[in-house]
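See structure below.
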Amino acid sequence: MSDPRIEDLSKHVGETVTLRGWLYNRRSSGKLHFLEVRDGSGIVQCVVFKGNVTPETFQQADHILQESSVEVVGTVKEHGKIKGQYELDVKELKVLAPTSQEYPISPKEHGTDFLMDNRHLWLRSKRQHAIVRVRHTIIKAVRDFFDGRGFTLVDAPIFTPNACEGTSNLFETDYHGDKAYLTQSGQLYMEAAAAAFGSVYCFGPTFRAEKSKTRRHLAEFWMVEPEVAFLDLAGDMRLAEDFIAYVVGRALETRREELKVLERDTAALERVIPPFPRITYAEAIALLQKNGHPEAKVGDDFGGDEETVISGQFDRPVIVHRYPMDLKAFYFKHDADDRSLALNMDVLAPEGYGEIVGGGQREDDLVKLEAAIEHHKLPRAAFEWYLDVRRYGSFPHAGFGLGIERTVAWVCGLPHVRETIPFPRMLNRLAP
């Protein structure tokens, strides 16, 4: 007798197996009890026939509370009505640990606050289970893409003495008497690492103290940030589109069933194939003016509404490049043809999901970078190590950051990023 996982039952048809898991749901029909049991890999229907078990077991099967942990022994067979699904003819049933009270999350509708307060339990639902498995696949695809292209993973610190773009949106903390911040990006460290390894990436949690309540923002989120030596803006855009297409393709290849649970229209994802359309910031402003935003003008930054209008004109992600330098951080390189513009790019996901990638080419000229730090009134001393990257063998380089939660929201077709991470941290939520 074997102990397979539910997702592997197709390999054990006709065998007697033992499953351990939790009762997801149950219903009865005369001499039959139907127990839905989950084990983390899937859900299987366990059929308890009155004639196959003891009277005590049959009686017990009709009174097990939802989410009690159970052990079921039975024979695997194909589902009588649903092709490709399997079920268990139960021979033995044991309750390993009954729930102490009724499970608080029932099939009825619950409010968002209630579900978020019970996030630790809500994770057990089919929908949340599907989302987390898609997230897992996306994260693995991220690593596989860069590892397969010769990138080296270089871990960036969480505590930093300085910020990429000032400290107004950072969480400040005491670091043994010194002021430190939770990182908003590992980019500066990746620039230094690129000088050592050529092609690098970091992947970890980042933090933003923005007082934002939009459906696209979290206080803590995960980001992957590649940086490549001797790469220009054009190469950076090609890398980003190849990367996004790879990640989406992997989700489509391996998580069709989960996307079906989420009722995701996969036809929209099938169109995520390079090359992506490219438009300049100026062209994006003109596009806004023609599509319901006549007030849009050069110098405006794009919010969620503007990004939705822009991306809505395309059937796949669109790359918007060369924003005004005044809208961008100090480290971007100026466009040689128009120094008022930055050699930057954002990738906007379709269907209203907005920016999922931001990046571009970095300033590699020491004198110009020093001037940019002074112009932005940043503390020079905190960036001396960063300037060393230009002092000792400077080189053109570019990179970007991709937010995992926004990407998961887009791939899964979710209305809010709070569902994309197991335990979200938002403006008004620090627990559970």
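Things to note:
- Unmet requirement for Ala342, which otherwise passes all of (1) within 29 Å of Ala192 (Cβ to Cβ); (2) among the aliphatic types (A, V, I, L, M); (3) surrounded by fewer than 22 Cβ atoms within 10 Å (Cβ to Cβ); (4) over 27 Å from the mean Cα position of the chain (by Cα): (3)
- Check on Arg418, in contact (Cβ under 8 Å) with a residue 24 or more places away in the chain, under 28 Å from Arg256 (Cα atoms), of a type in the set (D, E, K, R) and surrounded by fewer than 23 Cβ atoms within 10 Å (Cβ to Cβ): yes
- Arg27 meets all of the listed conditions (1) basic (Lys, Arg); (2) touching an Asp or Glu at 6+ places or on another chain (Cβ under 6 Å); (3) within 17 Å of Lys126 (Cβ to Cβ) but one, namely (2).
- The range 176-235, residues that are of a type in the set (A, V, I, L, M, F, W, C), without any contact (Cβ under 8 Å) to a residue 60 or more places away in the chain, in contact with a Leu (Cβ under 8 Å, 6 or more places away or on another chain) and over 17 Å from Gly403 (Cβ atoms): Val200
- Any hit, the range 378-395, residues being open to solvent by 50 Å² or more (accessible area, probe 1.4 Å), closer than 21 Å to Glu307 by Cβ and modelled with pLDDT of 95 or more: no
- Filter pass, Ile285 being assigned to a helix (DSSP H, G or I), farther than 23 Å from Trp410 by Cα and of a type in the set (A, V, I, L, M, F, W, C): yes
- Between Asp301, Asp315, Asp326, Asp265, the distinction of being in contact (Cβ under 8 Å) with a residue 60 or more places away in the chain, open to solvent by 30 Å² or more (accessible area, probe 1.4 Å) and of a type outside the set (Phe, Trp, Tyr) belongs to Asp265 only.
The values are calculated or read from the model by the stated rules, or taken from the named source; none is laboratory data. Please read all numbers here as calculations on a predicted model, not as lab measurements. Because the Cβ atoms are built from the backbone with ideal geometry, glycine has one as well, and the counts that use them run over all protein chains shown. Quick note on the areas: whole protein, heavy atoms, side chains included, nothing else; ligands and nucleic acids left out. Shrake-Rupley method; radii C 1.70, N 1.55, O 1.52, S 1.80 Å.
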